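A.B. asks: Take this structure, written in structure tokens, and hold onto it; I'll ask about it next.
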Amino acid sequence: MYKELQLYRFFPFLLFVLVSCCTYSFSGVSTGIKSISIPVFENESLKYDLEDTFTKAVTDAFIEDNRLKIANEKSADAILLVTIKVFDRTPYSYDESENVKEYKIKISADVLLKKREGEEELFKANNFSEWATYYPLTEVEEDGIDKVAKKFSEKILRNILESW
């Protein structure tokens, strides 16, 4: 009986030792990419000036994350190319009088991250999309676009870095 009691006391310690030996490390970018160039996005949608808003939002997201340095196209290890394909604004919700209470803005884009040297694709996504809503009584359409740009940039950052 005494030996069984000692074994029960020893088991948690053994479990702790086994678990503590297993470590997780995130090495960051395992592809040798340390810097990224983000040229101004192309805009094939019918909405004017989206390219500036979305380029800035994505650049800011990479700067804030700080795992990849922003560099010019000639010195960067990789280049992020984004083409905005679709801008869509539709009613999302209505009030009791059937007036639009909330609009939904959706953006779709083609995203390609490739190594500067050669044509190796590190990340590619067609019809990469994100959406957000805004209230026309208290916000303007640009507020909705800014919300989508923020979510879009976070999603691109997450998808690119998690794909490695």
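The values are calculated or read from the model by the stated rules, or taken from the named source; none is laboratory data. This structure is a prediction, so every number in the text was calculated from the model and none was measured. As a convention, Cβ positions derive from the backbone with ideal geometry for all residues, glycine included, and neighbour counts pool all protein chains shown.
A.B. asks: So, of the residues in the range 35-53 that are at pLDDT 95 or above and in a loop (DSSP other than H, G, I, E, B), which turns out to be nearest to residue 69 (Cα to Cα)?
C.D. replies: The residue in question is 38.
A.B. asks: Take the residues in the range 102-114 that are within 16 Å of residue 46 (Cα to Cα) and more than 15 Å from the chain's Cα centre (by Cα); name whichever of them is surrounded by the most Cβ atoms within 10 Å (Cβ to Cβ).
C.D. replies: Going through the qualifying residues, I end up with 105.
A.B. asks: Follow-up. I need the full set of residues from the range 48-86 which are farther than 17 Å from residue 35 by Cα and aromatic (Phe, Trp, Tyr), in order please.
C.D. replies: 48, 54
A.B. asks: Right, next: Can you tell me which of 93, 108 is under 18 Å from residue 155 (Cα atoms) and outside any loop (DSSP other than H, G, I, E, B)?
C.D. replies: Among 93, 108, only 108 is under 18 Å from residue 155 (Cα atoms) and outside any loop (DSSP other than H, G, I, E, B).
A.B. asks: Could you list, ordered by first residue, the pairs with Cβ atoms under 8 Å in which the first is in the range 49-63 and touching a residue at least 12 places away in the same chain (Cβ under 8 Å) and under 19 Å from residue 129 (Cβ atoms) and the second is assigned to a helix (DSSP H, G or I) and of a type in the set (Phe, Trp, Tyr), at least 6 apart or interchain?
C.D. replies: Cβ pairs passing all conditions: 54/152; 57/152; 58/152.
A.B. asks: Just for the range 43-55: of the residues that are surrounded by fewer than 15 Cβ atoms within 10 Å (Cβ to Cβ) and farther than 12 Å from residue 145 by Cβ, which one is nearest to the chain's Cα centre (by Cα)?
C.D. replies: Checked the range 43-55; the qualifying residue nearest to the chain's Cα centre (by Cα) is 44.
A.B. asks: Exactly one condition in (1) surrounded by fewer than 16 Cβ atoms within 10 Å (Cβ to Cβ); (2) more than 21 Å from the chain's Cα centre (by Cα); (3) at pLDDT 95 or above is not met by residue 64; state its number.
C.D. replies: Of the numbered conditions (1) surrounded by fewer than 16 Cβ atoms within 10 Å (Cβ to Cβ); (2) more than 21 Å from the chain's Cα centre (by Cα); (3) at pLDDT 95 or above, the odd one out for residue 64 is (2).
A.B. asks: Go through the range 115-144 and count every residue that is surrounded by 14 or more Cβ atoms within 10 Å (Cβ to Cβ) and in contact with an Asp or Glu (Cβ under 9 Å, 6 or more places away or on another chain).
C.D. replies: Count: 11.
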